[in-house]
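Have a look at the structure below, then the notes.
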Amino acid sequence: MPGKPVEKPPAKQAAPKEPEPEVEAPAAEEPAEAPPAGVSADAPAADASAPAEASAVDNPPEAPAPPPPAVPCSAPLDLSVADVSHCSLTLTWKTPETIGDSGLDGYSVEYCKSGASDWVLANEEPTPTTRYCIQNLSSGDLLLVRVVAVNPGGRSQPCALAEPVPVREVGERPKIRLPRALRATCVRQVGEQINLLIPFVGKPRPAVSWLKDGQALDTKRVNVRNSDRDSILFIRSSQRDDSGVYQMSLKVDGFEDQAQLTLQIVELPGPPASIKLVDTWGFNAALEWTPPKDDGNSQVTGYTVQKADQKTGDWFTVLEHYHRLTATVSDLIVGNSFSFRVFAENIVGVSEKAAVTRNLAHIQKTGITYQPPEYQEHDFSEAPRFTTQLTDRAATVGYTTRLLCSVRGSPKPKIEWLKNQMVIGNDPKYRQLSNQGICSLEIRKPCSFDGGIYTCRAKNQQGEAAVSCKLEVKQVMLGDTEKGK
């Protein structure tokens, strides 16, 4: 039920000071009284100290210092609307940062209709919780709400809502339905078009707002289109400066929902900052380099190491997707000089440029001389030997015939043909051939006088061999009919 109006708190008055204890001023020295009758003025000195001790006991003790006055605590934090209906409003907040030694008695919830100046206390007694529901409100009212922390030191500074809250039934609370793909970091390349659609629900139509890294969007680069059901974030040509955390806020009356997505615009990295040839020994060369100054807005995932022989100038990859900053290149050719280069690699790809070593790696020849093993040379020399003999042949007068045989030997033997033990020589009637050890003698259109014993003789430095055959040349016999003609 609505509470009573809250009177303006009076100005703080100083706490009344307790009266300080009066300290008696030391009494003036009075003339010494005459000793009573019967007491001698010349009394012992010990009796004179007794009045001094009695006066010391009569002085009262000093009063203790008064306790310091109680101090109000700081204002409550993060006041927000948890629920609203046609007749109630539920609020939540957080405890103050500073409470003080005097403790916290509770919180006072106050509200005021928009346009009015009187604040109404919703709870007669301070509530100890950080949640409170204001009941029996009128539908359609526009309320300003604030919460004050109370302790023995008094009231704290109020924590108020930034905007008035309408008391009405909310059709549907605002809810951003962020797609699963956008809950992780959204990675895009430089120059790529970005079009992100984020659906939401809420009735009446929610108010949508966007921030980038806590600041307003640059409308020259980023465009936002809002409808009743979704919001679209559009960048025509993305650049690395567009990377950051984008926060979307959705408000319906006093309710609000927020979601954020991280956008990372990446490109190819630069080359390693420097490279150095550390050492060369045997067939190996040791390299060392430093990460690139520009990583392309993405973590460097590896390096590609290449070598080039100065004789050819061609580059060959020796290490790929390598993760360390030092490497040893092996199996280099003795006597040659090599240069090396290293590319950086990230999620986009390999850098366009590379870091190249200034110095060459010279692979020196060692003092060891190669001495091939000694082998006794095999003697392949061989005397001529006919592997295929000549066979006796019978030829017909006027029909060319051929004699064949084969011979082997090393060195290559010299071939001679003989007829009836006479060297044929360069007689044009005969054609002598020798190829790959195959020896042939062609007799062109023989006559009956060309018959006889033919011999093939082979000679070389190792010896001599011969093979012979008999050739018979026959005359064609005519029949009786042909003789009559």
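The values are calculated or read from the model by the stated rules, or taken from the named source; none is laboratory data. Since the structure is predicted, the reported quantities are computational estimates derived from the model, not experimental observations. Note that we place each Cβ from the backbone using ideal geometry, even for glycine, and neighbour counts take in every protein chain shown. Surface accessibility is based on the protein's heavy atoms, side chains included, excluding ligands, DNA and RNA. Shrake-Rupley method; radii C 1.70, N 1.55, O 1.52, S 1.80 Å.
Restricting to region 99-114, give me the number of residues that are within 50 Å of the chain's Cα centre (by Cα) and surrounded by fewer than 15 Cβ atoms within 10 Å (Cβ to Cβ). So the count comes out to 0. Could you tell me how many of the residues in region 133-191 are part of a strand (DSSP E or B) and either more than 30 Å from residue 295 (Cβ to Cβ) or of a type in the set (A, V, I, L, M, F, W, C) (or both)? Residues in region 133-191 being part of a strand (DSSP E or B) and either more than 30 Å from residue 295 (Cβ to Cβ) or of a type in the set (A, V, I, L, M, F, W, C) (or both): 25 in total. On the stretch given as region 200-217, residues that are in a loop (DSSP other than H, G, I, E, B) and either open to solvent by less than 50 Å² (accessible area, probe 1.4 Å) or farther than 17 Å from residue 254 by Cβ (or both) total 4.
Taken together, 231, 238 contain a single residue that is in a strand (DSSP E or B) and open to solvent by less than 30 Å² (accessible area, probe 1.4 Å), which is 231. Every residue in region 84-98 that is open to solvent by less than 60 Å² (accessible area, probe 1.4 Å), in contact with a Cys (Cβ under 9 Å, 6 or more places away or on another chain) and among the β-branched types (Val, Ile, Thr), please. If the condition is that a residue be open to solvent by less than 60 Å² (accessible area, probe 1.4 Å), in contact with a Cys (Cβ under 9 Å, 6 or more places away or on another chain) and among the β-branched types (Val, Ile, Thr), then 90 is the only one that fits. Look through region 309-353, keep the residues that are part of a loop (DSSP other than H, G, I, E, B) and open to solvent by less than 30 Å² (accessible area, probe 1.4 Å), and return whichever of them is nearest to residue 186 (Cα to Cα). Among residues in region 309-353 that are part of a loop (DSSP other than H, G, I, E, B) and open to solvent by less than 30 Å² (accessible area, probe 1.4 Å), the one nearest to residue 186 (Cα to Cα) is 346.
Taking (1) loosely packed, with under 15 Cβ neighbours inside 10 Å; (2) assigned to a loop (DSSP other than H, G, I, E, B) in turn, residue 262 satisfies each apart from (2).
Of all the residues in region 393-410, those that are surrounded by fewer than 16 Cβ atoms within 10 Å (Cβ to Cβ), of a type outside the set (Lys, Arg) and touching an Asp or Glu at 6+ places or on another chain (Cβ under 6 Å) number 2. Under the condition of being exposed (fewer than 15 other Cβ atoms within 10 Å of the Cβ) and assigned to a loop (DSSP other than H, G, I, E, B), the residues counted in region 72-83 number 0.
Within region 219-237, residues that are under 15 Å from residue 260 (Cα atoms) and free of Cβ contacts under 8 Å to residues at least 24 places away in the same chain have Cβ atoms under 8 Å from residues that are open to solvent by 100 Å² or more (accessible area, probe 1.4 Å) and aliphatic (A, V, I, L, M) in no pair, counting only partners at least 6 apart in sequence or on another chain.
Within region 133-170, track down each residue that is farther than 16 Å from residue 92 by Cα, open to solvent by 40 Å² or more (accessible area, probe 1.4 Å) and among the acidic types (Asp, Glu). The answer is 169, and nothing else. Within region 241-259, the set of residues being part of a strand (DSSP E or B) and either among the hydrophobic types (A, V, I, L, M, F, W, C) or open to solvent by less than 80 Å² (accessible area, probe 1.4 Å) (or both) comprises 244, 245, 246, 247, 248, 249, 250, 252, 255, 257, 259. For the structure I just gave you, tell me whether residue 431 is surrounded by 13 or more Cβ atoms within 10 Å (Cβ to Cβ) and either farther than 22 Å from residue 383 by Cα or not charged (D, E, K, R) (or both). Yes: the conditions hold for residue 431. Residues in region 362-392 that are more than 25 Å from residue 409 (Cβ to Cβ), open to solvent by 100 Å² or more (accessible area, probe 1.4 Å) and without any contact (Cβ under 8 Å) to a residue 12 or more places away in the chain: 368, 369, 370, 371, 374.
Restricted to region 115-132, and to residues that are in a loop (DSSP other than H, G, I, E, B) and of a type in the set (Val, Ile, Thr), which residue is most open to solvent (accessible area, probe 1.4 Å)? Once the filter is applied, the top-ranked residue is 129. When region 266-293 is filtered for residues that are among the acidic types (Asp, Glu) and over 14 Å from the mean Cα position of the chain (by Cα), the ones remaining, listed by number, are 279, 288. Scanning region 274-294 for residues that are of a type outside the set (Lys, Arg), surrounded by fewer than 18 Cβ atoms within 10 Å (Cβ to Cβ) and within 29 Å of residue 241 (Cα to Cα) yields 274, 290, 291, 294. Before we move on, is residue 220 within 28 Å of residue 140 (Cβ to Cβ) and surrounded by fewer than 17 Cβ atoms within 10 Å (Cβ to Cβ)? Criteria not met by residue 220. Within region 315-344, the set of residues being charged (D, E, K, R) and farther than 26 Å from residue 366 by Cβ comprises 320, 324, 341. Here residue 418 fulfils each of the conditions (1) surrounded by fewer than 16 Cβ atoms within 10 Å (Cβ to Cβ); (2) over 60 Å from the mean Cα position of the chain (by Cα) apart from (1).
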